[in-house]
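Chemist: Quick one: the structure is below, questions incoming.
Rule-based calculations on the coordinates, nothing more; no lab input. Since this is a predicted model, take the numbers as computed values, not measurements. Counting neighbours? That spans all protein chains shown, and the Cβs are built from the backbone with ideal geometry, glycine included.
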Amino acid sequence: MNLVRKNNLPSCNISDLISEASKYFQDAKSENTKKAYQTDFVYFQNWCENNRLNSFPANPETVALYITYLARAKKFSTIKRALSSISVCHNLENYKNPVKTEKVKNIFDGIKRNKTIFTKGKLPLLLEHIKLIVN
């Protein structure tokens, strides 16, 4: 009894598959997203260099201090994007991701609580109000 099955897939050239996979990898993010990641990470690197800290791989304490620094003057969305850029760069190089630590998450949550502005919604415009406006 022969238990080994052969599939009917055609053989392929591995180097062609590597090229195709590389193209898919490059196409995973838009050019604007890649530029934003690069710009954000360069800012992070410069801040680390100015403060004599390692940026790559970064430790959680460095990232925590950096987002605390950003919170002084930047919007929450900017801080979130900076964390995203740091995270992606570390993941791409298979480094331990400092953004995913509890320390960084908690500081980020604290910044969010302090920086996020919740707007109070307005009451809806009712049909009776519209009739008053039109008449």
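Chemist: Tell me which of W47, P10, I111 sits at the most positive position along the dipole axis of the chain, charges placed on C-beta atoms (Lys, Arg +1; Asp, Glu -1).
Modeler: With unit charges placed on the Cβ atoms, the residue in question is I111.
Chemist: Extension gain V42-T78, at 0.36 nm per residue separation less the Cα-Cα distance, in nm?
Modeler: Result: 11.5 nm gained on full extension.
Chemist: Taking the Cβ of each residue in F108, F25 as the centre, tally the other Cβ atoms inside 10 Å and list the residues starting with the fewest.
Modeler: Final ranking by Cβ density, sparse to dense: F25, F108.
Chemist: Over all alpha-carbon pairs of the range 68-135, lay out the pair-distance distribution in 10 Å bins, whole %, shortest bin first.
Modeler: Calculated P(r), rounded to whole percents: 17, 33, 18, 11, 13, 8, 1.
Chemist: While we're here: Go through I133, A58, N97 and say which Cα lies farthest out towards the positive end of the charge dipole of the chain; charges sit on Cβ, +1 for Lys and Arg, -1 for Asp and Glu.
Modeler: I133
Chemist: For the chain, what is the largest minus smallest coordinate of the Cα atoms on each principal axis, given in angstrom and ordered from greatest to least?
Modeler: In descending order, the Cα extents are 84, 54, 34 Å.
Chemist: In deg cm²/dmol and to the nearest 500, what is the mean residue ellipticity at 222 nm of the chain if only DSSP H runs of at least 4 residues count, each as -39500 (n - 2.57), divided by the residue total?
Modeler: Dividing the helical sum by the residues of the chain leaves -20500 deg cm²/dmol.
Chemist: So how strong a dipole does the range 13-102 carry about its Cα centre when Lys and Arg Cβ are +1 and Asp and Glu Cβ are -1, to the nearest 20 debye?
Modeler: The dipole magnitude comes to about 460 debye.
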